[in-house]
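> Got a structure for you, questions after.
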Amino acid sequence: MPYNHRTVEPKWQKAWADAKIFKSPTTPGDKPKFYILDMFPYPSAAGLHVGHPEGYTATDIIARVKRMQGFAVLHPMGWDAFGLPAENYAIQTGVHPHETTQKSIAAFRRQIQSLGFSYDWDREVDTTDPTYYKWTQWLFLQLYKKDLAYEAVVPINFCPSCKTGLANEEVHQGACERCGKTVEKRDMRQWMLKITLYADRLREDLEGLDWPQSTLSMQENWIGRSEGAYVDFAIDGHKETVKVFTTRPDTLFGATFMVLAPEHPLVKNICTTDKNAEVTAYIERARMTPEMERTEAGRKKTGIFTGAYAINPVNQENIPIWIADYVLAHYGTGAIMSVPAHDNRDHGFAKTYDLKIKTVVRPAMGQAPTDTAFEGDGFAIDSGAFTGLATEEFKKQITAWLKEKGLGERAVTYKLRDWVFSRQRYWGEPIPIVHCKGKCAKAVPVPEKDLPITLPQVERFQPTGTGDSPLSAITDWVKTICPECGGAGERETNTMPQWAGSCWYYLRFIDPKNTRAAWDKELEKAWNPVDLYIGGAEHAVLHLLYARFWHKVFYDLGLVTHKEPFKRLRHQGMILAFSHQDSKGAYHGYDEIEFAGETSKLIATGEPLNMKIEKMSKSKKNVVNPDEVISSYGADAMRLYEMFLGDFELTKPWDMRSIEGVSRFLAKVWRLLENQVPGDAKTNQRLRHKTIALVSERIENFKFNTAITALMEFVNALTGSQACKEDLDILLKLLSPFAPHMAEEGWALLGNQGFVSQAAWPTFDPALTTAESVGIAVQINGKLRETLRVPSGEAHNQVYVEAQAKASEKVVKYLENAKVTKVIFVAGRILNYVVHTS
RNA sequence: GGGCGGAUGGCGGAAUGGUAUACGCGACGGACUUAAAAUCCGUUGGCCGCAAGGCCUUGAGGGUUCAAGUCCCUCUCCGCCCACCA
């Protein structure tokens, strides 16, 4: 009977759902627990992308194996559903984001379920559901009460044409994504979270996490701790001093000018009258220049002299004070001492404006370059009493000296800045704050009993035109009473960023229905932390940093028992697409060139095959919809194919030409099951044990592609021999995490009871994982000359192997007339004669 | 500019410093078939050779080693992330 995935797959999906075999227990009980989590998706209207099933298949494979190995597995799925696309769609069409979102969720859920993943759907969460965001708001209030949330006026992206605030994602190369007009910075009141208070802990606790090295270093760079010193410079003729931050206090003697950020508060005071007009114009220009452009590397540096001079505290030299937009107001102190001889940015600036360059460090070895700055460590020259000191020692001594003289002190700065936590948007969690207009006249948190503050129903989602949130136009909703004094109050109209919901969803999954608390403390203790977290590398910094920050706050509040939320993290490699660009520049997606026949047609027309591998995007017509693949090949083939593409953690192209391979493999498995002839349990015993070992180990190490390879080799061998029942049972167990539907169908076909998904994962005997005989390579001077077949038992016996080698004509040929100077024997692998021919 | 990763047959890709090219795709030849599909068997990195066999080959060039796709140095190209961070 031919295997029909169209009927078999839905049948087993229903059977699993009816029997609730993937439902996680409330607590792990006496089983070891395993919490395996996918980064939950934003349910976009476009539906699933092939990148989604890649990660989900991987976690599903591991979840299924762990379950079969006797773990209590928590494997949930949910929706990170607040976000810009639904809101923008609402602005264009008037369809409420809630409607769009629910539709997208339904579509995503259907697609995900059609792949047969073993999620516990009873734990599904949706960040836009008031029963969920009630607790997002509650958690915000905990941060607020801990004094970690505050209001501040900060610049936001503002489009003067659309008259609306823009998210960073909506600004492309300094221009508004929608109208193309240049985006300005505009100061607005924002809610901020004090993530900087946790900078050190966020950095230090990276140690001990089983995360990819690249992610750890990205987080570390993002936090950007640098050690150095603050130094105060007096200003000639003024009472004020300018504080600068430097990581190289040892180059103070080489500071020949100073640069302030255009936004620096002292600029207006110190600027001499003759320079006033010029300076004001420069500042204005800098304000109008979008940050994107301003911070573009390699851009020609611009600046202007203020007319004022600072006094270098180490040698009392007067150095000119300049203003330049390459100095950023928000990093360090917004002012730098410039050492053009030892900093390349300063060097470029000094060259442009013909400023003095003074060398104060010589390299320990070799010559310093003359056309650029020498930024390395070395020994001090021309530095007064400090001359001759090595850079590190100099730093210590000068810092102590500065402290002693009251001119400065050791300092640590971070690139990490406080987190701007408010958005001028409708489709987000309302920030649960009332601005009292009565007696209290301050921001007052909404009492917990009044949560959630739900989003009001509105007809229009248009921005207000002032940059305020659309919520501010809904007077009925805004006007309220102050929870503290009962006087007039106005609700906060800003909403939270999309990150808010994803900062704690992994905690909600352990207790998703709780109406009295965000989660139960006992359950938290039982299930946390997440044992394995899988998702795209695009979240390497922001989401993972924000979630860690909230988690640490929860830890301080006694809400969680572990310092870190995600014990082990892996990123899936991005799936790229083949595109072909023809001579006219038009793109042809994979659907036009997917199969070899089509490719040949293109070759036949003489059209050059300009194949490119690049990110999938609608405009390049190379986006692949999983539905089509599932309908023609089935969910099992789709899952297998996703895993067979290449290394899970590396970038790889989606090449539909080879899905035929995994599809044929499944057909072969089915034929094998149907045509079983009773065989001897001994025949394939060693291969059976070896395959169990290989598949188990490769899954554990995320080498899904080669785990499938091992299964293919097993099937090829079984097809060519007489497979016994045990061979087939084990094959189905090993196959079941990858192709669960066929595995269940086959399990039933062989007359087994229950679900293969609930069978015990097979174990192996290490002694039986090697073949009866092994090949030993015999090399002469590293070159392969002969391969010996020796029994496994003798493969470690050098005397035996050498005797065999010397019995081989091929080897003898190379050994006669040669003097063996060295024999290298690697047990079970290599015998290498190093010879000297006279 | 910085960080991280990658480059292996016609294609996707395998290879704890130890037999490079496993597995799959494609191609070629054959079997089965009236025929096709499906399936099965065989061949398939390059060069020389009737053959036995030999030589070469993991982006380029050097090095370490008995032995290098793998380690080290220099360079080229590609991808991702960050980017004037003092």
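> Do we find that A:Thr333 is out of contact with any Cys (no Cβ under 8 Å at 6 or more places or on another chain), closer than 21 Å to A:Val279 by Cβ, near RNA strand B (Cβ under 9 Å from one of its atoms) and not charged (D, E, K, R) in this structure? Give the steps one after another, and end with the answer.
Working: out of contact with any Cys (no Cβ under 8 Å at 6 or more places or on another chain): yes; closer than 21 Å to A:Val279 by Cβ: yes; near RNA strand B (Cβ under 9 Å from one of its atoms): yes; not charged (D, E, K, R): yes.
Taking the combined requirement at face value, the residue satisfies it.
> Take A:Thr196 and decide whether it is out of contact with any Lys or Arg (no Cβ under 7 Å at 6 or more places or on another chain), under 30 Å from A:Arg425 (Cβ atoms), of a type in the set (Val, Ile, Thr) and at pLDDT 85 or above.
Against the criterion (out of contact with any Lys or Arg (no Cβ under 7 Å at 6 or more places or on another chain), under 30 Å from A:Arg425 (Cβ atoms), of a type in the set (Val, Ile, Thr) and at pLDDT 85 or above), A:Thr196 does not qualify.
> For A:Lys14, work out the one condition from (1) within 21 Å of A:Arg123 (Cα to Cα); (2) open to solvent by 60 Å² or more (accessible area, probe 1.4 Å); (3) touching a residue at least 40 places away in the same chain (Cβ under 8 Å) it doesn't fulfil.
Answer for A:Lys14: the failing condition is (3).
> Further question: Test A:Ser338 against the criterion of being buried (at least 19 other Cβ atoms within 10 Å of the Cβ) and away from RNA strand B (no atom under 16 Å from the Cβ), and give yes or no. Lay out the reasoning, then the answer.
Numbers: buried (at least 19 other Cβ atoms within 10 Å of the Cβ): yes; away from RNA strand B (no atom under 16 Å from the Cβ): no.
No, not satisfied.
> Here is a check on your reading of the model: is A:Lys733 open to solvent by 20 Å² or more (accessible area, probe 1.4 Å), near RNA strand B (Cβ under 10 Å from one of its atoms), closer than 29 Å to A:Ala58 by Cβ and out of contact with any strand residue (DSSP E or B) (no Cβ under 9 Å at 6 or more places or on another chain)? It would help to see each step written out before you state the result.
Values: open to solvent by 20 Å² or more (accessible area, probe 1.4 Å): yes; near RNA strand B (Cβ under 10 Å from one of its atoms): no; closer than 29 Å to A:Ala58 by Cβ: yes; out of contact with any strand residue (DSSP E or B) (no Cβ under 9 Å at 6 or more places or on another chain): yes.
Spelling it out, it is not the case that A:Lys733 is open to solvent by 20 Å² or more (accessible area, probe 1.4 Å), near RNA strand B (Cβ under 10 Å from one of its atoms), closer than 29 Å to A:Ala58 by Cβ and out of contact with any strand residue (DSSP E or B) (no Cβ under 9 Å at 6 or more places or on another chain).
> Does any residue of region A:764-777 turn out to be surrounded by fewer than 11 Cβ atoms within 10 Å (Cβ to Cβ), within 12 Å of RNA strand B (Cβ to nearest atom), assigned to a strand (DSSP E or B) and not acidic (Asp, Glu)?
First, pick out the residues of region A:764-777 that are surrounded by fewer than 11 Cβ atoms within 10 Å (Cβ to Cβ): A:766-767, A:772.
Remaining after also requiring within 12 Å of RNA strand B (Cβ to nearest atom): none.
No.
> I would also like to ask the following. Those residues that are within 14 Å of RNA strand B (Cβ to nearest atom), open to solvent by less than 40 Å² (accessible area, probe 1.4 Å) and either small (Gly, Ala, Ser) or on the phi < 0 side of the Ramachandran plot (or both), I need them from region A:694-703; list them, please. Write out each step before concluding.
Applying the first criterion (within 14 Å of RNA strand B (Cβ to nearest atom)) to region A:694-703 yields A:694-695, A:697-703.
Filter once more, so that each one left must be open to solvent by less than 40 Å² (accessible area, probe 1.4 Å): A:695, A:699, A:702.
Across region A:694-703, the qualifying residues are A:Val695, A:Ile699.
> A:Tyr814 fails exactly one of the following numbered conditions: (1) aromatic (Phe, Trp, Tyr); (2) in a helix (DSSP H, G or I); (3) more than 9 Å from RNA strand B (Cβ to nearest atom). What is the number of that condition?
Of the numbered conditions (1) aromatic (Phe, Trp, Tyr); (2) in a helix (DSSP H, G or I); (3) more than 9 Å from RNA strand B (Cβ to nearest atom), the odd one out for A:Tyr814 is (3).
> Could you go through region A:371-390 and let me know if any residue there is more than 25 Å from A:Pro340 (Cβ to Cβ) and out of contact with any Pro (no Cβ under 7 Å at 6 or more places or on another chain).
Our first condition is that a residue be more than 25 Å from A:Pro340 (Cβ to Cβ); within region A:371-390, this holds for none.
No, there is no match, as no residue in region A:371-390 is more than 25 Å from A:Pro340 (Cβ to Cβ) and out of contact with any Pro (no Cβ under 7 Å at 6 or more places or on another chain).
> Scan region A:787-811 for residues that are assigned to a strand (DSSP E or B) and within 9 Å of RNA strand B (Cβ to nearest atom) and report the count.
The initial filter retains those residues of region A:787-811 that are assigned to a strand (DSSP E or B), namely A:787-791.
Now narrow it down to the ones that are within 9 Å of RNA strand B (Cβ to nearest atom): A:787-789.
So the answer is 3.
> Residues that are modelled with pLDDT of 90 or more and open to solvent by 40 Å² or more (accessible area, probe 1.4 Å): does region A:612-623 have at least one?
The initial filter retains those residues of region A:612-623 that are modelled with pLDDT of 90 or more, namely none.
No, region A:612-623 contains no residue that is modelled with pLDDT of 90 or more and open to solvent by 40 Å² or more (accessible area, probe 1.4 Å).
> Here's another thing I want to ask about it. Mind checking whether some residue in region A:76-90 is open to solvent by less than 40 Å² (accessible area, probe 1.4 Å) and over 30 Å from A:Gln424 (Cβ atoms)?
yes
> Hey, another quick one. Can you list the helices (runs of 4 or more DSSP H) lying wholly within region A:171-276 that have 3 or more residues being of a type outside the set (Gly, Ala, Ser), surrounded by 15 or more Cβ atoms within 10 Å (Cβ to Cβ) and in contact (Cβ under 8 Å) with a residue 60 or more places away in the chain?
Numbers: elements: A:199-204, A:213-223, A:267-270.
Because the criterion is at least 3 residues that are of a type outside the set (Gly, Ala, Ser), surrounded by 15 or more Cβ atoms within 10 Å (Cβ to Cβ) and in contact (Cβ under 8 Å) with a residue 60 or more places away in the chain, the helices (runs of 4 or more DSSP H) in region A:171-276 that meet it are A:213-223.
> Might you let me know whether region A:829-837 holds any residue that is under 23 Å from A:Ala693 (Cβ atoms), exposed (fewer than 14 other Cβ atoms within 10 Å of the Cβ) and modelled with pLDDT under 85?
No, because not a single residue in region A:829-837 is under 23 Å from A:Ala693 (Cβ atoms), exposed (fewer than 14 other Cβ atoms within 10 Å of the Cβ) and modelled with pLDDT under 85.
> How many residues does region A:815-827 hold that are buried (at least 16 other Cβ atoms within 10 Å of the Cβ) and either at pLDDT 85 or above or on the phi > 0 side of the Ramachandran plot (or both)?
1
> Evaluate region A:312-319: report whether one residue or more is free of Cβ contacts under 8 Å to residues at least 40 places away in the same chain and not acidic (Asp, Glu).
Looking for residues that are free of Cβ contacts under 8 Å to residues at least 40 places away in the same chain and not acidic (Asp, Glu), one finds at least one in region A:312-319, hence yes.
> I'd like the residue in region A:628-666 that is within 23 Å of the chain's Cα centre (by Cα) and within 6 Å of RNA strand B (Cβ to nearest atom) and, out of all such residues, is surrounded by the most Cβ atoms within 10 Å (Cβ to Cβ).
Kept after step one, since they are within 23 Å of the chain's Cα centre (by Cα), are these residues of region A:628-666: A:639, A:642-654.
When the remaining residues are screened for being within 6 Å of RNA strand B (Cβ to nearest atom), the result is A:645-647, A:650-653.
On the way: A:Leu645: 22, A:Gly646: 15, A:Asp647: 13, A:Leu650: 11, A:Thr651: 14, A:Lys652: 17, A:Pro653: 18.
Among those that are within 23 Å of the chain's Cα centre (by Cα) and within 6 Å of RNA strand B (Cβ to nearest atom), it is A:Leu645.
> Part of a loop (DSSP other than H, G, I, E, B), open to solvent by 10 Å² or more (accessible area, probe 1.4 Å) and within 22 Å of A:Ile195 (Cβ to Cβ): is that true of A:Leu455 in this structure? Spell out the reasoning first.
On the way: part of a loop (DSSP other than H, G, I, E, B): yes; open to solvent by 10 Å² or more (accessible area, probe 1.4 Å): yes; within 22 Å of A:Ile195 (Cβ to Cβ): no.
No: the conditions fail for A:Leu455.
> Can you tell me how many residues within region A:376-425 are more than 32 Å from the chain's Cα centre (by Cα) and crowded, with 21+ Cβ neighbours inside 10 Å?
The number of residues fulfilling the criteria is 8.
> Given the conditions (1) out of contact with any Gly (no Cβ under 9 Å at 6 or more places or on another chain); (2) within 22 Å of A:His96 (Cβ to Cβ), which single one is not true for A:Asp450?
(2)
> Can I ask one more? Please work out if A:Arg688 is closer than 23 Å to A:Asn4 by Cβ, more than 10 Å from RNA strand B (Cβ to nearest atom) and touching a helix residue (DSSP H, G or I) at 6+ places or on another chain (Cβ under 8 Å). Steps first, please.
On the way: closer than 23 Å to A:Asn4 by Cβ: no; more than 10 Å from RNA strand B (Cβ to nearest atom): yes; touching a helix residue (DSSP H, G or I) at 6+ places or on another chain (Cβ under 8 Å): yes.
Taking the combined requirement at face value, the residue does not satisfy it.
> Moving to a separate point now. Could you tell me how many of the residues in region A:704-722 are in contact with a Ser or Thr (Cβ under 8 Å, 6 or more places away or on another chain) and either assigned to a loop (DSSP other than H, G, I, E, B) or more than 16 Å from RNA strand B (Cβ to nearest atom) (or both)?
So the count comes out to 2.
> Criterion first (closer than 30 Å to A:Arg639 by Cα and of a type in the set (S, T, N, Q)) does A:Gln758 satisfy it? Spell out the reasoning first.
Working: closer than 30 Å to A:Arg639 by Cα: yes; of a type in the set (S, T, N, Q): yes.
When the stated conditions are applied, A:Gln758 passes them.
The values are calculated or read from the model by the stated rules, or taken from the named source; none is laboratory data. Note that the structure is predicted; figures quoted are calculated from it, not measured. Positions of Cβ are generated from backbone atoms using ideal geometry, with glycine treated the same way; all protein chains shown enter the neighbour counts. Accessible surface areas use protein heavy atoms only, side chains included; no ligands, DNA or RNA. Shrake-Rupley method; radii C 1.70, N 1.55, O 1.52, S 1.80 Å.
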